[in-house]
Amino acid sequence: MVSVWRRPNAIRPKSFRFRSILISMNRRPVTWSTKLSNFMRNLPHSVLLIGSEGFLGKTLKKLLEFHGYDVIGIDIKASDDAGTYRRFIHKNIHDLTPEDLSFVASLGSYGLINAGGVSRSGIAAQNASQSSHDTITSYLKLLEMLDETPPEWMALTSTREVDLLLNGKEGLSGKRLIYPALKLGTELIAESFQSHWRIPVAIFRLSDLFGPGDHPSKAMQTFLRKAKSNEDIYVDAPELKLHLTEVNEVAERIYAEVCRMTLAPVPQTELIHVWDGDYALSLLELAYLACELNPQSRSVVVTPYPMSLEYGVLEKLTLPHRRVLEKINAALG
């Protein structure tokens, strides 16, 4: 069935009761990072950042460098900005050798952040068990290679249902199978790091990241491009919820925890949810939102069964998120 997008009428739902990520989470780390940022600049500290060229990794790199950290990057993707790193290792983590990481013995002290995700194509979109196996074995390899000179703290990213692919039902279902397995594997292996090295470990459960520069295969960019080109927008899973978190908000939250672990290390594992469970959009709402942001669009929202919206989706967004979405939309031309 086909439902045609219409301009919203005057009836609006109550706006979502949204608590900003930096407010809804534990406030203390954010306060620490704000008050002590100048003090932190004077401390010698290095960060081994895995996935430094990814969407979240690049944002974290800029933030860490701004606050005086030396960043050592590891990524399978080559860097156009390698000169700004203290050191950059262009390798898949599975291909690392002990010699590649031997320099950590000369750092004095360092922390480790894994901001790596999973590939948006190939095995990651179709084979949950292989993706989970690769993730866990990469962590075990790190444990082995860094054992003689372990980091003073670790921050690892777990996941919920981020980075949805829209290249057919196979890709969508593949992602939905992978993420629960990755979450379980990451969090179990993190406990091993903490108990073996007796260091603070923060596990960040991420949700649906978005922001300028995001990958073009993501749902948000796909819908916006279709609205701009007047193409039909097909929504196979209209009720699937996206708990939107803007990438800079997430980076700030991770940095706040890094500050806490650097200045007051407690050898324990902490699980941190980086999203607000009361703040979400369905895929159907996201499709309608793409049309709202492009009011001249003649796109039709197509769903498996009759569905339509009688309210404006923009009203559900926080003002900061709305501004970011408008920038993303404008950047698409």
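A short reminder: the numbers here are calculations on the coordinates, not readings from a lab. Since the structure is predicted, the reported quantities are computational estimates derived from the model, not experimental observations. As a convention, Cβ positions derive from the backbone with ideal geometry for all residues, glycine included, and neighbour counts pool all protein chains shown.
Worth pointing out:
- Highest mean packing comes first when the peptides 230-237, 300-307 are listed by Cβ atoms within 10 Å, giving 230-237, 300-307.
- Hits among aspartates and glutamates - C-alpha to C-alpha of K141 under 12 Å, sequence gap 8 or more where chains match: D95
- Sorted fewest first by neighbouring Cβ atoms within 10 angstrom, S79, S46, S129 come out as S129, S79, S46.
- Rounded D (µm²/s) - region 203-307, Kirkwood Rh over Cα pairs, Stokes-Einstein at 10 °C, 1.306 mPa s: 101
- Here T97 and Q268 are evaluated by their C-beta separation; at R0 = 30 Å the FRET efficiency comes out at 0.45.
- The alpha carbon centroids of region 80-99 and region 284-333 are separated by 39 Å.
- Full-stretch length increase - E239, L188 - with 0.36 nm per residue and alpha-carbon distance subtracted: 15.3 nm
- Between the amide H of E270 and those of V201, A202, I203, distances stay under 5 Å, these residues lying 5 or more places away or on another chain, with hydrogens modeled in the peptide plane.
- Protection proxy ranking of 101-109, 201-209 - average other beta-carbon atoms within 10 Å, highest first: 201-209, 101-109
- Gained length - D147 relative to R323, 0.36 nm times residue gap less alpha-carbon distance: 58.9 nm
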